[in-house]
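FYI, it's all coordinate maths here, none of it is from the lab. Fair warning: this is a prediction, and the values are worked out from it, not measured in the lab. Cβ placement follows ideal geometry from the backbone for every residue including glycine, while neighbour counts extend to all protein chains displayed.
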Amino acid sequence: MKAQSWTRVISSCAAIVFVLGAASPVSASSPAVRLWRVSGDTPVPPAPDPCSPAAEPAGVRNYEYDASLAVDPTNRSHIVVSWTQDFADAIVIGTSFDGGQSWDRTVPPGFLACANGPTGENSIINSHVAIGPDGTVYATAVRRDQQSNTAIILNTSPDGGRTWRSPPGVSSAPIVLDRRSDQPGEAHQVEWSNVLADARRPGVAYALWDRHVGSDTLGQGTVAGGTEYVAVTLDAGKTWSAPTAIGIPPDGRVFDAGELVQLSDGTIVDVFDDCPSSGCADESHAAVVRLEQGGWTEPLCVSGGAPPCSDRGGPNLFIHGAAGPGGVLYVASTSPFVDRAPRLYRSRDGGRTFSDLTGRGAAGRAPISGVQVAVGRDGTVGLLYDDQRSADPLNPGDGTTEVWLATSIDNGLSFVEQRLAGPFDRNRVPRWGADLGEYQTLRSDSYGFHAAITVVDCAQPLLGCPTGPTDIFLAGIPR
């Protein structure tokens, strides 16, 4: 199972542009970064309400992390961001119809997990959001109880995120796509979640999650196997198909933590981790599978061949994909404990074969995390990541971190970096700061790029942040 990320951070929000590999700013003509605060005061009830965060650590509120971002394919001013609130108590959805200048915030039905009480599914993580061409918003998440029983839940908004009331005749409670089962022949645990709205077909969307089998169903952290499952809706989320597996991994392997991507010709691709059963934190390699008329194709390793996969220089982590014009597919990942730089792979044939562009100008220095990739309509490639280039190399405990966007106009062969936020001290995060940036999100549109990032210790008057350790910001970067 991919390590769960329960915090992301950022502090100083100065937008400074740097040339890749240089330490001095570029000319003033470089595009300016605009930052808008998305999150606000926590909707979680305060103590002594049992729904308030009374632990981990006690009394911490207004704590936001794990941001997912969606931009309406027909209206770039319509943006939706989801995040985890106050130590997994709730998933909050922020909606903007003016390009990020103002936000409405809500907790969809079923997403205030702490309201389920001490014996229920009272924590929630791993939210993802998507917007269809008809304006329907889809949100998925993983809800769990204190015994690590988990469920994959989903809710929809038919009016772009204004309300999360279901259409007439449909329950207002979230749909449960899958849940842990200990039944003989069906024993499995579920993790992760991802959702994709079909950009070409209104009302069509795909939800993806992990189903693990073996000892993980007993909460022991290892699995005998497992793969990803996908369910499809054809009616804007009212009903969903029975889930189908993307493929069967080799013995001792697990397919995990995928991301659904739609190519320019409409083909759906899943970019995912191929891991040993001991867990993706030990070893993880990028692989892809395509959804064609006959079903899911056989999985292929980004490095070539069929799973089990192997890549040069060690395992990949934080694997993400993005489609470009003409059937181009990019896969970005990082191996922070090996080469400490983003890896980038490019396919010109829709994910059938890949070229390794790592070391051809891809950005990043020192320990990096959370690499995300997006591609503009003009083919501009963007990479979003955090790194610690400004930390003291003689002090292993120095948590100085910055957030960067690197862009390429030559198909990933060279990049120019732009600092979005920082430097900040990742050690000021109350917990899980080592996973900084894992679930930040990068998207593109005709304007440029949007990034949903987390800001730490944002007690700065100009930013107007409420009291609390973190806040979610939207960064707008024109091309």
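A compact table of results
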{"item": "Centre separation in Å (Cα based) which lies between segment 240-265 and segment 185-210", "result": "9 Å"}
{"item": "Sequence ranges 241-252, 78-89, ranked by mean other-Cβ count within 10 angstrom, highest first", "result": "78-89, 241-252"}
{"item": "Gyration tensor (alpha-carbon) shape descriptor, segment 57-207, a/c threshold 1.5", "result": "oblate"}
{"item": "Extension reserve of the ASP410-GLN183 stretch, reckoned as 0.36 nm per residue once the Cα distance is removed", "result": "76.4 nm"}
